[in-house]
Amino acid sequence: MSNVPKAYVEHVAIWVRDIHWHIKFFQDVCGMTMREVQGTVEEPIQYWTLGGMQFMAKPDYEGPEGRLGHLGVMCEDLEAALAAAKAFGVTEMQQGRNWLRLPDGLAVEFIQASDGAVAQALAVNPRA
């Protein structure tokens, strides 16, 4: 078990009706500023924060806000993680071979981290 490559949740993607409200809330309450935007800042389609949030605009959704879209998992060794995942009955999604649908429906995006990045992130103890 100790030879399993390490990983961490790098972002949580949620569908939201009012993307501007969510951007402002997480910026004003948590200090999470923009890391990346798809579209423009004025009309974002998707918006990623420093701090691990991804908002995906879905203004016509009829239901509760904050539906989980997927988890983004940063991996030390993407190929090893994908190989290990196959034993769990996952299915590849249309987005690519690094996107897996778990049997309960959860979507997980596996991302190859740069050398040493996962160890560095996991070394941070926010409760210390």
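A few notes on this one:
- Whichever residue in the range 93-128 is among the small types (Gly, Ala, Ser) and part of a helix (DSSP H, G or I) and, among such residues, is farthest from the chain's Cα centre (by Cα): Ala123
- Cβ-Cβ under 6 Å pairs, at least 6 apart or on other chains, the range 17-30 side closer than 13 Å to Gly51 by Cβ, far side among the polar types (S, T, N, Q) and surrounded by 17 or more Cβ atoms within 10 Å (Cβ to Cβ): Phe26/Thr49
- The residues of the range 87-106 that are of a type in the set (Gly, Ala, Ser) and at pLDDT below 95, listed by number, are Ala87, Gly89, Gly105.
- Selected residue (only one of Glu42, Glu36, Glu62, Glu76 is of a type in the set (Asp, Glu) and either touching a residue at least 24 places away in the same chain (Cβ under 8 Å) or buried (at least 16 other Cβ atoms within 10 Å of the Cβ) (or both)): Glu76
- Residue within the range 38-54 that is among the acidic types (Asp, Glu) and closer than 22 Å to Ser114 by Cα present: no
- Just one residue in the set Arg67, Arg17 is basic (Lys, Arg) and either exposed (fewer than 15 other Cβ atoms within 10 Å of the Cβ) or touching a helix residue (DSSP H, G or I) at 6+ places or on another chain (Cβ under 9 Å) (or both); that residue is Arg67.
- Subset of the range 91-114 (residues that are acidic (Asp, Glu) and either surrounded by fewer than 16 Cβ atoms within 10 Å (Cβ to Cβ) or farther than 15 Å from Val12 by Cα (or both)): Glu92, Asp104
- Of the set (1) in contact (Cβ under 8 Å) with a residue 40 or more places away in the chain; (2) within 21 Å of Leu50 (Cβ to Cβ), all apply to Arg127 but (1).
The values are calculated or read from the model by the stated rules, or taken from the named source; none is laboratory data. Being a predicted model, the structure only gives us computed values, none of them experimental. FYI the Cβ positions are ideal-geometry reconstructions off the backbone, even for glycines, and counts take in every protein chain you see.
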